[in-house]
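The next block holds one structure in the form of structure tokens; read it before the comments.
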Amino acid sequence: MNGPELRQQIFANGLRVLKRPADQQETPYVPICLSALMSDERVTFRLFVKITEGPEGHTGFIPYLEEGEVIESHWLDKLKNLGIEQLFFHSRDTEKAIAYLNNHLLVESGRAEPSFKELCILREHLGFSLRLAFKDPHLGQHAGMARASLTTLLQAMERAETPWKLLLDIMYRDYTLYNHSVNVAVLATAMGVFLKKPKKECLVLGIAGLFHDLGLIGISDQIISKKEKLTDEEWETLKKHPCLGYQCLKGKAEIPLSSLRLILEHHENAEGTGYPQGLELKRQHPLTRIIALLEAYDGLTIFRPYRPRHSPFAALKILQEERGKRGGLAFEPEMLKKFIGFLALAKEN
Ligand SMILES: [Fe+2]
Ligand SMILES: [Fe+2]
């Protein structure tokens, strides 16, 4: 089926199009949200649509737009009306997609207040840069690109009265390592701005969010995605990921030393029963509680194939009740209170 035929079929609603990932199979296709695409402009890479085929519901990707074709605005409207939020491109085109987003940003970033569209473009830019960084064994150039992308997002947050609600709206809802990392980076940067931390600290938080789970790349997917309870041995393996990430990033000029500490400490508890070091609160980095809280919150509110996502309210309740081995609170009440304040403000505006 070629692009025009497929478009016709989709618009006639005769084809089952996947509106959200039904599984976590590793594919070379990368999602891009419709809001990050420029209507009535040429697309500079091939775009695909994800469909289900056959009685087993296998997923497939069919070309939807060829490189150089113009995206007509009414096509985007029709896709949105059908509940489709994303198209896909092949991962070998990631650099082209980033260059495309850079051009799109030039058009979108002129307003006094960042729009939902601009924030979507920035989030996708961050996610695509992070993909390149995670695939690059030396991390250098692409980690620098991800850091630059995060700096642009921070500048957008500081440009005007921060649109907290829009920031929550751009969060990804489906779990992949990239989505979770970008969510935590966006939340952590926003929390830094909300708490009126200096710009440098906001960036430290954001970079730590981006790379906090980098160490998971070295751990088998069977352990990470296991639905059943982990064996003691598997649990010990999983607990190595903060150290693995720390080792991998140590000495990289793009990663501030404070972010490195946060990466190493993101599973430490407020009461000193966390891992890998079991550090007591007073020995933790002053920003560790922010990263630990936000990464736990995102872990609960993001959809996993084996369990529904928790609502923000349910997630906060779990975090409030989370108790460690000695009966103390794993999440420091003071920081939790500040985060609830942040969420309440985001709901209001
Ligand atoms: Fe982690
Ligand atoms: Fe995490």
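Mean-square fluctuations from a GNM of the chain, with a 10 angstrom spring cutoff on Cα atoms, peak among 93, 221, 298 at 221. Per residue of the chain, the DSSP helices (runs of n ≥ 4 H) give a summed -39500 (n - 2.57) that works out to -16000 deg cm²/dmol at 222 nm. Straight-line cross-link partners of residue 282 among the aspartates and glutamates, defined as a Cα under 18 Å from its Cα and at least 8 positions apart when in the same chain: 265, 268, 271, 332, 334.
Here the spin labels are modelled as points 7 Å beyond Cα on the Cα-Cβ line, and at residue 169 and residue 280 they lie 4.7 nm apart.
List the GluC sites (Glu not before Pro) within segment 193-275 that fall in a DSSP loop (any state other than H, G, I, E or B) and whose Cβ has at most 13 other Cβ atoms within 10 Å. Intermediate values should be presented prior to the final figure.
Numbers: sites: 201, 228, 233, 234, 236, 254, 265, 268, 271; in loops: 228, 254, 268, 271.
Of the GluC sites (Glu not before Pro), the ones in loops of segment 193-275 whose Cβ has at most 13 other Cβ atoms within 10 Å are 228.
For segment 219-310, which chymotrypsin sites (Phe, Trp or Tyr not before Pro) pass both filters: DSSP loop (anything but H, G, I, E, B) and at most 12 other C-beta atoms within 10 Å? Qualifying residues, ordered by number: 306.
Would you mind calculating the gained length between residue 106 and residue 223 on full extension (0.36 nm times residue separation, minus the Cα-Cα distance), in nm to one decimal?
Values: separation 117, 0.36 × 117 = 42.12 nm, distance 4.21 nm.
Full extension of this stretch gives 37.9 nm more.
Where does segment 32-89 land on Rg(C-alpha)/(2.2 N^0.38 Å)? All intermediate terms of the calculation are to be shown ahead of the outcome.
Working: Rg = 12.0 Å, N = 58, 2.2 N^0.38 = 10.3 Å.
Compared with the compact-globule rule of thumb, segment 32-89 sits at 1.16.
DSSP loop trypsin sites (Lys or Arg not before Pro) in segment 168-225 with at most 16 other Cβ atoms within 10 Å of their Cβ, which ones?
On the way: sites: 173, 196, 199, 200; in loops: 173, 196.
In loop regions of segment 168-225 (DSSP not H, G, I, E or B), the sparsely surrounded trypsin sites (Lys or Arg not before Pro) are 173, 196.
Quarter the surface of the alpha carbon convex hull of segment 163-349 and you get the mean projected area, 10.4 square nanometres. Summed over all non-identical Cα pairs, the Kirkwood treatment of the chain gives a radius of 21.2 Å.
Calculate, for residue 337 and residue 77, the FRET efficiency according to 1/(1 + (r/R0)^6) with r their C-beta to C-beta distance and R0 51 Å; round to the nearest 0.05.
Numbers: r = 42 Å, r/R0 = 0.83.
That gives a FRET efficiency of 0.75.
Coordinate-derived values only; no laboratory data. The structure displayed is predicted, hence computed values, not measured ones. Cβ coordinates were reconstructed from backbone atoms using ideal geometry, including for glycine residues, and neighbour counts include every protein chain displayed.
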